[in-house]
Every structure is written in structure tokens, then in C-alpha cells.
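Asker: I have a structure I would like to understand better, so I am pasting it below and will then ask my questions one at a time.
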Amino acid sequence: MDLGPLQGSDHNILAYKPELRTKQKLSTRRIFDYAKADIEAIKRELNAVDWYTKLGSLSAEDGWRVFRVKFETLEHNFIPEKILSMKRKKPLWMTDKAHNVL
């Protein structure tokens, strides 16, 4: 909208209301739902391993790797997964200050 010339100038004042639209990408990720884990089954499986024999001759790093692989296997077997959907409330480029002004 043209508001006419600026006083004492050969420039005109313009007013506008920008309309901005951005696509909101819905991101999802899978996580373990530990609240629904079968803890007793995990304990049973961990207690069934002879850790002294399995880890006794390994370095700390190698021992950790062996344990981690076992634990990750148990996670997949005894802990259900759930999907988290996260919809952004504002575009990535918009700062909190700009969002508050709107």
C-alpha cells in the first residue's frame, strides 16, 4: 500500500504485510520404550552368561565391546520400540525473538 510521499523527500512510504508460508517437515524417530521392557528376561539372559570366562582375558575396550553387543541384542529382543513424531512449532530459520513478535 502506498502511503504517499515522505515529508521533505522525493521518496514514497510503502506499507506491506508479508505472508510467509513454509513447509513443516514432520520428523519421526524410533526409540526404545523402556517402560514396557521385559526387565526380568534381560536379567535372566545376563545372568546366564559366564562373564568371567567371556571377559577374563580381554582388554577393557574389547570387554566393553562384547558386553555392548550382548546388551544391544537384548534391547532389540526384549524392549519394544515406539515412534516419536516431532513437528516443529516454527520454521528452522525463525528465531525465538521473531516468533514471539508474531
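Asker: So TYR52 ticks every box in (1) exposed (fewer than 10 other Cβ atoms within 10 Å of the Cβ); (2) within 20 Å of ARG29 (Cβ to Cβ); (3) of a type outside the set (Asp, Glu); (4) out of contact with any strand residue (DSSP E or B) (no Cβ under 8 Å at 6 or more places or on another chain) but one. Which box is left unticked?
Answerer: (2)
Asker: For the structure I just gave you, tell me whether LEU84 is among the hydrophobic types (A, V, I, L, M, F, W, C) and surrounded by 11 or more Cβ atoms within 10 Å (Cβ to Cβ).
Answerer: Considered against the rule, which asks whether it is among the hydrophobic types (A, V, I, L, M, F, W, C) and surrounded by 11 or more Cβ atoms within 10 Å (Cβ to Cβ), LEU84 comes out as no.
Asker: Could you list all residues from the range 19-57 that are part of a loop (DSSP other than H, G, I, E, B) and either touching a helix residue (DSSP H, G or I) at 6+ places or on another chain (Cβ under 9 Å) or modelled with pLDDT of 80 or more (or both)?
Answerer: Listed by number, the residues that qualify are ASP33, ALA37, ASP38, ALA48, VAL49, ASP50, GLY56, SER57.
Asker: Report yes if ALA15 is at pLDDT 95 or above, out of contact with any helix residue (DSSP H, G or I) (no Cβ under 7 Å at 6 or more places or on another chain), of a type outside the set (Phe, Trp, Tyr) and exposed (fewer than 10 other Cβ atoms within 10 Å of the Cβ), otherwise no.
Answerer: no
The values are calculated or read from the model by the stated rules, or taken from the named source; none is laboratory data. Source: prediction; values computed, not measured. All Cβ positions, even for glycine, are placed from backbone atoms using ideal geometry, and neighbour counts span all protein chains on display.
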